[in-house]
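Notes for the one structure printed next.
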Amino acid sequence: MRERRASRGANRRDGEFEAFVAGAAGRLLHAATLLTAEPPDDNPRARRLLTLALAHTYARWDGVRCEDPYERTRSLLVTRFAHAAWHHHGGLRRARPDPRRPLVHLSPQERLVVVLRLYEAVAEKQTAALLGLPLERVRTLCDRATALLLHPPRDPAPAVVGGAKVAAS
């Protein structure tokens, strides 16, 4: 009898989590893709980030259900991205330019702020608390990132040598 009840509880738990993933995974994957600055059709880092965040959410599902599971998973996604950017890539520096990447001209920290503030519509105070930054820093990063998105830096012009254009290196 206990086994049947435990089985029903596990089935219900799994069903709830599957419903959450079905409803939230697309938006979370898009947020992860924006964070990693990968092209939408080729985003292995974003998929890995999302998989790890969802796995952690599933492992703690009984406790997460009481709070907002989307917010908890997004928080895990952001934290994992910041950790990976800092420890595995030598800090929060800019990605190499690639025209297929929508936020390529932003640093990882600027992408974090833009994705949270503009894409996810998280309040400034929540963003600052989540990232462990002062409120003014979040405002500054958001303003700078928005300016870069509106007016992206131009590629260096090719140099003219002996009447022929040579690509700048």
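The numbers here are math on the coordinates, done by the rules we state, and not lab data. Predicted, not measured: the structure shown is a model, and the values here were computed from it. As a convention, Cβ positions derive from the backbone with ideal geometry for all residues, glycine included, and neighbour counts pool all protein chains shown.
What the table shows:
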| quantity | calculated |
| --- | --- |
| Around Arg137: net Lys/Arg minus Asp/Glu count, Cβ-Cβ under 12 Å | -2 |
| Anisotropy class of region 5-54 from Cα gyration tensor, a/c 1.5 cut | prolate |
